[in-house]
Every structure is written in C-alpha cells, then in structure tokens.
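Reading through the structure tokens given below for one structure.
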Amino acid sequence: MNIYTTIDSPIGRIVLTGEETATGAALTAVKIGTPAPEGATRSDAPFAEAVRQLAEYFAGERTDFDLDLRPAGTDFQHRVWAEVAAVPYGRTTTYGEVAARIGAPRDRIRAVGAAVGANPLLIVRPCHRVIGAGGALTGYAAGIERKRFLLTHEGALQPALI
C-alpha cells in the first residue's frame, strides 16, 4: 500500500511517499511543493526516521542519509542515480562528469540529464548537486531557487549578496 506524509521545511512543504515495511517506510519519492499523491493514505509514523534525518539535514547536523529507498526506474536511471548519490555533501559535479563515471558516451549526456531530472528522491538522493558544465544551476524539479538554497546550505555556493 502506498503511504505518505508531509513535513514543513525551509524550502516549502516536502511530501514523502513510500511503501510500509515491518520497520517503517521504504521511500519511493521525496517531492517538494507538490500535492499528496492520489490514492495514497496518510500515515506519519512509518516515516519517523526519514523525517528525523531531513530535520537533521536542514539543521546542518547531517550530510548524508541512511534510509530504505525503493524508487521505480530503469536500469540506466538507477546507474545515474547511484552516481548522483556518490556526490559528497558540499560538492557539485556536472552532467558530463556523471556520464563519464557511468561510462556513457558524450552523445548520451542529455539522457544522463533526463535521468537526473527523473530522480524521485529529491534531497535524499542529491540531484541538486549536479550542475551545468559552466557552473550554471540548470534544471531542478523543485525549481532553481530551491536548488540554489540547498547548495548554499551545503556550502557548495556562496550566498548571494543583496
């Protein structure tokens, strides 16, 4: 059965979706600023560990996540997502670097970008750490301003001067 919960965060409402397990919830999606998924049942308790780890992340006390993840995706997407998950806190990489690390030829960089963009586990699988070759903050399902916030929060970008 699909279940979900929501939490408030500095970048807006986060919706956690998952499958209930004997020990909690296996995350299938972490979305920002979206409505609750249709057909899912609200159930807060199974997500307690994910909620705790996200709170620690936003408090600056956590740099990676240790959660049961079960996102749907193709083999290619899972290869790309595993490489994205390996990008350390406070660092960035480019789509081209991700492509090279998974052995994808240069003409597959767009496919790598599409796989990064299809990541259903925002923040937890840090696709916000993937940027354009020239350092541009390109593409983020939750919006570029949220991507900028997350990278600044992690120290990968300097805060903008007002």
* Pairwise centroid distance, computed over Cα atoms, of the stretch 111-130 with the stretch 58-74, Å -> 12
* Structure fact -> With T = 37 °C, eta = 0.692 mPa s and Kirkwood Rh from C-alpha pairs, the Stokes-Einstein D of the stretch 13-129 in µm²/s is about 217
* Asked: Taking the Cβ of Gln53 as the center, what net charge do the other residues with Cβ under 11 Å away carry, scoring Lys and Arg +1 and Asp and Glu -1?
  -> -3
* **Accessible-area composition of the chain, carbon plus sulfur, in percent [1.4 Å probe]** => 51
* For the stretch 1-50, what's the radius of gyration and Dmax over Cα atoms, in angstrom? -> 10.1, 31
* What nm value, rounded to one decimal, do you get for the distance between Glu20 and Thr152 when each label is placed 7 Å out toward the C-beta? -> 4.0
* Tell me, what is the per residue accessible area of the chain in Å², probe radius 1.4 Å? -> 52
* Asked: Label points 7 Å out from Cα along the Cβ direction at Ile102 and Asn2: separation in nm?
  -> 2.3
* Tell me what the chain gives for mean residue ellipticity at 222 nm when only DSSP H runs of n ≥ 4 count, each as -39,500 (n - 2.57), the sum divided by the residue total, rounded to 500 deg cm²/dmol. => -8500 deg cm²/dmol
* To do: Could you work out which residue, out of Pro37, Pro71, Pro105, moves most in a Gaussian network model of the chain, that is, has the largest mean-square fluctuation with Cα springs under 10 Å?
  => Pro105
* Most fluctuating residue of Thr74, Thr138, Thr63 in a GNM of the chain with Cα springs under 10 Å: which is it? -> Thr74
* **Percent RCO, i.e. relative contact order, over the chain, from Cα pairs under 8 Å lying at least 6 residues apart** => 20
* With a cut-off of at most 12 other beta carbons within 10 Å, and DSSP calling the residue loop, which GluC sites (Glu not before Pro) in the stretch 37-94 qualify? Please list them. => Glu38, Glu61
* Report, for the chain, the % of DSSP beta bridges that are antiparallel, rounded to 5. => 70
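The values are calculated or read from the model by the stated rules, or taken from the named source; none is laboratory data. A quick note: this is a predicted structure, and the numbers were derived from the prediction, not measured. Using ideal geometry, Cβ is built from the backbone for each residue, glycine included, and neighbour counts are taken over all protein chains shown. Accessible surface is based on the protein model in full, side chains and every heavy atom, while ligands, DNA and RNA are left aside. Shrake-Rupley method; radii C 1.70, N 1.55, O 1.52, S 1.80 Å.
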